[in-house]
1. Only one of LEU147, LEU191, LEU151 is assigned to a strand (DSSP E or B) and over 24 Å from GLU205 (Cα atoms). Can you tell me which?
2. Against the condition of a type in the set (A, V, I, L, M, F, W, C) and assigned to a strand (DSSP E or B), how does ILE182 come out, does it pass?
3. Can you find even one residue in region 80-94 that is farther than 20 Å from SER21 by Cα, surrounded by fewer than 24 Cβ atoms within 10 Å (Cβ to Cβ) and without any contact (Cβ under 8 Å) to a residue 60 or more places away in the chain?
4. Mind checking whether some residue in region 42-55 is modelled with pLDDT of 95 or more, within 23 Å of PHE217 (Cα to Cα) and of a type in the set (Lys, Arg)?
5. Please enumerate the residues belonging to region 201-221 that are crowded, with 18+ Cβ neighbours inside 10 Å and within 17 Å of the chain's Cα centre (by Cα).
6. If SER179 meets every condition in (1) modelled with pLDDT under 95; (2) of a type in the set (Ser, Thr, Tyr); (3) buried (at least 16 other Cβ atoms within 10 Å of the Cβ) apart from one, which number is that one?
7. Give all pairs with beta carbons closer than 8 Å in which a residue from region 1-13 that is touching a residue at least 12 places away in the same chain (Cβ under 8 Å) meets a residue that is among the β-branched types (Val, Ile, Thr) and not in a strand (DSSP E or B); count only pairs at least 6 apart in sequence or on separate chains.
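The values are calculated or read from the model by the stated rules, or taken from the named source; none is laboratory data. Since this is a predicted model, take the numbers as computed values, not measurements. Don't worry about glycine lacking a Cβ; one is built from the backbone with ideal geometry, like all the others, and counts go over all protein chains shown.
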Amino acid sequence: MEQKTSLSKSEILLTTDDSFSKEAIVLFLPGISGQAFSSRFQPLVDVCGDLKLSIARMEAWKNESEVKTKTWAHFLEALDEVSEHLAGLGYSKIIVVGKSFGGGLLLSYHHKNIYKKILWAPAIGMGEVGTFTKQKDVSLSEIQSLLDIKLDQNFVKEDPSEICIIHGTKDITIPLENSRHIVASAQHGTLIEIENADHSFKTPEEENRLMEATRNFLLNN
């Protein structure tokens with residue numbers, strides 16, 4: 001069963017079934033190109049269905065052009081709104097899955113109900129000195145690279161959730177080393193490297209390996 005809900009800052013498409021968990025849910029954010037509701041992400045929906053997990057796909061932007069008209073803080077507010085909406089539906093345990101830009105947003109977002117984060121090559125920087133606090137209120141059109149938005153080590157370390165990053169070894173968009181730094185700073189961090197995969201996991205083989213790694217981390221929900 002699919003149900004679309006419009007909130008003030010986003011839409012969510014909930015895929016669920018009466019036999020699915022009433023406590024835990026997966027929340028998915030796409031990359032900067034958006035299109036969270038498209039068939040492109042159906043493999044993730046299928047994985048969740050196999051594991052009896054509802055999934056809420058969040059569409060807070062249509063494309064990169066729309067992203068650039070807003071601030072990082074705007075999208076964090078949208079995440080707050082969705083998290084509270086899911087809590088209102090009875091879901092007290094949220095597993096978030098985010099691709100690239102969506103992964104970066106989720107890494108920068110702490111919420112008491114989120115206990116697992118599965119991030120596909122998250123697009124956000126990491127450094128000893130963070131710039132996130134200053135740049136989250138700046139229009140994204142003024143930021144040259146998402147890697148210029150940097151979380152500091154303490155911010156990542158303060159996140160109590162389990163963090164699993166899945167990253168291709170041939171990613172030239174977001175360096176693999178960036179994800180290694182993130183995982184090294186996390187309380188509970190796991191890095192899964194997919195050999196020869198690029199940033200978007202475009203080939204069927206790369207997508208299958210991505211889904212397998214995602215499924216394995218979802219199993220113990």
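1. Of LEU147, LEU191, LEU151, the one residue that is assigned to a strand (DSSP E or B) and over 24 Å from GLU205 (Cα atoms) is LEU151.
2. Here the answer is no, as ILE182 does not meet what is asked.
3. Yes, region 80-94 contains a residue that is farther than 20 Å from SER21 by Cα, surrounded by fewer than 24 Cβ atoms within 10 Å (Cβ to Cβ) and without any contact (Cβ under 8 Å) to a residue 60 or more places away in the chain.
4. yes
5. PHE201, LEU210, ALA213, THR214, PHE217, LEU218
6. All conditions pass for SER179, except number (1).
7. Listed pairs, sorted by first residue: MET1/THR16; GLN3/THR16; LEU7/VAL82; SER10/VAL82; ILE12/VAL82.
Conditions (1) at pLDDT 95 or above; (2) touching a Leu at 6+ places or on another chain (Cβ under 6 Å); (3) part of a strand (DSSP E or B), marked per residue:
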| site | (1), (2), (3) |
| --- | --- |
| ALA73 | yes, no, no |
| ASP80 | yes, no, no |
| ILE95 | yes, no, yes |
| LYS117 | yes, yes, yes |
